[in-house]
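Reading through the structure tokens given below for one structure.
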Amino acid sequence: SSGINAEWPLRPGEQVRINRKRKFEEDDDLNTRLEELIKRIGEKSQESLETNLERLVDILDQEITTKKEFILNSLVQNAIKQPEKITIYSTLVGLLNVKMFSTGGEFLVLIMEKLGALIDDAEWRSVQLLVRFLADLINCNVVMGASLLRLFDTFIATAAEPGVKPSMRDFLLYTVMQCLPWIGLYFNDSKDEVEFERLLDILETEVEKRNKVYMASIRVWSSDNPLPQIEYMDSLWLQIKNMRNNNWEDNWIIRPYVAFESKLESSLQHPLPQFELPPDLEHTQFPLPYVVFRIFDTQDVPNRPEVPKLPRFNSIDRFLVEDAILNVINSKNMTKKECAECLLRISGRSSMPLNYMLVEVLFGGLLELPVPRYPELFYGSILIQLCQLMADHLPQVLAQAVAYVYERLDTMNTVLVDRFGSWFAYFLSNFKYHWTWSEWEECVKLNKTDPNHPKPKFLKEVFLKLLWLTFHEKLKDVIPDEFASLLPLKPGYNHKFAEVTAENNLQSKCAKALIESIKNREGVEMMIGSLDPLPDGAMDGRELDPVYPEAKLEVVVQTILRVGCKSISHISVALNRYLYTHVCNDLFCFVASFLSKIL
């Protein structure tokens, strides 16, 4: 400021404006630093997580008087955006509650307001994660256990009301169920244990009495051999029952609050503010049911000391790891490279065979019915990215998964056979078409004895889809000769005016002249001139409504497609060179518009 004063004397009030601007800049800078500290807590550091938590609590404690709203909102947002850190953020809130009891109460009010807003906006995944975060706060002595159970009772009671549509009922029940792995241990030996057991009994009744008439339409395979296909609600409930029988123990959830148990117990708990679900949820679209995709079991993972064991399909650890994978996919699905890197950074990787679980979850997303949650190309690109990042581990697992699906083609949903074939062709085209084709030689024999068998039909479809991604000559070179009978015929073109007949004599001559004009790269005037012998309307002289140059249009379209018949790329070049660059001509404009709609 001294420099400014010395050079440019300030007018009255100008110094005040400069001071205010600096204050806003300082506030923004402080907000950025606080947000970064909250966001990055729990990442790799030279210090222990406990030490970093204590330091962050001291920093937030110093700033919370003036930055309370910002800090509390940041904690909520980061818990939703980074659900793998929910237990870290709940510990952070618990330690803040020890220092400032009133802040803990205000934080719960904020969470309940946010919960209502997310429900109004139908952001269902965020709703479930926020409820999970809220539930985990009982482990940090912030929320009264009885108060949390009353909130769960609200969800379950609404789900059990007569006339509630199945998708809404399932969502409300699942929202409660997905919290249980985080809180079951707390209630297992607490004063609210009886009420918790009552809630579990009600949940079991509600889950088991559901009418799942839709199961046949969402199954990947019509057979449960070798692994059962279980609907997502039934699958989670089976895993929860096993966890309950094992005294609510798991091998995945990080519980940093255990290190602060004595400190957290010194604080008081808060009751949750009264909460009611909106009355008009019946008209809202809820998530559709799905089958939990299973392709790997314990025996499919190599039995070596350095390879972690794969949990059984009914283990809660299987759900917890899959949930962590899906959280990354849901938050990073717009950037494939970042998504793949984040998947590989999932904590606990050393305790689980992550490569097997990644392939299974991504295949499950790709083969979800009725449609995948994300575009098919997303799942294909992520698998390719992971193969490049885990070149020593993932390609072998992916090949194993493809082999398992191939062996079960005869019981696979036909829509999914086609979808799987599209992915496989795309995958092969990105890895120079390398595959252990010798393992599929049975398809050649089956094609002779039973051509309608799913395996040869599948391979024929894969080769046909590969033809969309390469040339026929290239396909013949990379596919072993033994499979020649399964390859599609070499595609040709059908030029309407290639052969001169009495009916198309004039059009054939004009088409031939136009082709020569294009080959010689003559100007647009010469090209248009080659069409002069043709009428401006229809060849047979009939009236057109609206009026357009039908005869000339047909010749131009046929000729452009003939010139670019080798591939889509050739057609695109032809369009760009001969049509889009000559937009001044009405006829070429018309043709360009027409071809843009059909190509």
*Filter the range 183-201 for residues that are under 18 Å from L172 (Cβ atoms) and either open to solvent by 60 Å² or more (accessible area, probe 1.4 Å) or within 26 Å of the chain's Cα centre (by Cα) (or both) and give the result.*
R198, D201
_Meets criteria (surrounded by fewer than 22 Cβ atoms within 10 Å (Cβ to Cβ), over 30 Å from the mean Cα position of the chain (by Cα) and at pLDDT 90 or above) for E84_ = no
*May I ask you to list the residues in the range 485-497 that are over 16 Å from F424 (Cβ atoms) and either in a loop (DSSP other than H, G, I, E, B) or open to solvent by less than 40 Å² (accessible area, probe 1.4 Å) (or both)?*
L489, K490, P491, G492, Y493, N494, H495, K496, F497
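Rundown of residues vs (1) of a type in the set (S, T, Y); (2) out of contact with any strand residue (DSSP E or B) (no Cβ under 9 Å at 6 or more places or on another chain); (3) crowded, with 16+ Cβ neighbours inside 10 Å, yes/no style:
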{"residue": "P289", "(1), (2), (3)": "no, no, yes"}
{"residue": "V292", "(1), (2), (3)": "no, no, yes"}
{"residue": "D300", "(1), (2), (3)": "no, yes, yes"}
{"residue": "R304", "(1), (2), (3)": "no, yes, no"}
{"residue": "I316", "(1), (2), (3)": "no, yes, yes"}
{"residue": "N327", "(1), (2), (3)": "no, yes, yes"}
{"residue": "M357", "(1), (2), (3)": "no, yes, yes"}
{"residue": "P370", "(1), (2), (3)": "no, yes, no"}
{"residue": "L377", "(1), (2), (3)": "no, yes, no"}
*Give just the number: which of (1) assigned to a loop (DSSP other than H, G, I, E, B); (2) over 25 Å from K336 (Cβ atoms); (3) aliphatic (A, V, I, L, M) does V371 not satisfy?*
(2)
*Note down all Cβ pairs under 7 Å where the first residue falls in the range 148-160 and is within 11 Å of L172 (Cβ to Cβ), the second is in a helix (DSSP H, G or I) and polar (S, T, N, Q), and they're at least six residues apart or on different chains.*
F155/T175
*Right, V397: out of contact with any Lys or Arg (no Cβ under 8 Å at 6 or more places or on another chain) and either open to solvent by less than 30 Å² (accessible area, probe 1.4 Å) or among the β-branched types (V, I, T) (or both) or not?*
yes
*Does K448 meet the test of being loosely packed, with under 13 Cβ neighbours inside 10 Å, of a type outside the set (S, T, Y), closer than 29 Å to L377 by Cβ and over 23 Å from the mean Cα position of the chain (by Cα)?*
no
_Scope the range 43-71; condition under 14 Å from T32 (Cα atoms) and surrounded by 19 or more Cβ atoms within 10 Å (Cβ to Cβ); matching residues_ = L60, I71
_Of all residues making up the range 341-368, the number that are part of a helix (DSSP H, G or I) and small (G, A, S)_ = 4
*Got at least one residue in the range 273-286 being crowded, with 20+ Cβ neighbours inside 10 Å and out of contact with any strand residue (DSSP E or B) (no Cβ under 6 Å at 6 or more places or on another chain)?*
no
*Among the candidates L544, L595, which residue alone is in contact with an Asp or Glu (Cβ under 7 Å, 6 or more places away or on another chain) and either modelled with pLDDT under 70 or not β-branched (V, I, T) (or both)?*
L544
*Looking at M539, M526, which one is modelled with pLDDT of 75 or more, among the hydrophobic types (A, V, I, L, M, F, W, C), outside any helix (DSSP H, G or I) and open to solvent by 30 Å² or more (accessible area, probe 1.4 Å)?*
M539
*Output the qualifying pairs, or none if there are none: Cβ atoms under 9 angstrom, residues six or more apart or on different chains, first residue in the range 280-299 and within 18 Å of G364 (Cα to Cα), second residue of a type in the set (S, T, Y) and part of a loop (DSSP other than H, G, I, E, B).*
L288/Y214; P289/Y214
_Is it the case, given these coordinates, that V258 is closer than 22 Å to T87 by Cα and of a type in the set (A, V, I, L, M, F, W, C)?_
yes
*asked:* Considering only residues that are part of a helix (DSSP H, G or I) and touching a residue at least 60 places away in the same chain (Cβ under 8 Å), which ones fall in the range 374-426?
replied: Q400, A401, Y404, V405, T411, L416
_Condition first: under 26 Å from V397 (Cβ atoms), open to solvent by less than 60 Å² (accessible area, probe 1.4 Å) and not basic (K, R). Now tell me which residues in the range 457-469 satisfy that._
F458, L459, V462, F463, L466
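The values are calculated or read from the model by the stated rules, or taken from the named source; none is laboratory data. Note that the structure is predicted; figures quoted are calculated from it, not measured. Because the Cβ atoms are built from the backbone with ideal geometry, glycine has one as well, and the counts that use them run over all protein chains shown. Ligands, DNA and RNA are excluded from the accessible area calculation, which covers all protein heavy atoms including side chains. Shrake-Rupley method; radii C 1.70, N 1.55, O 1.52, S 1.80 Å.
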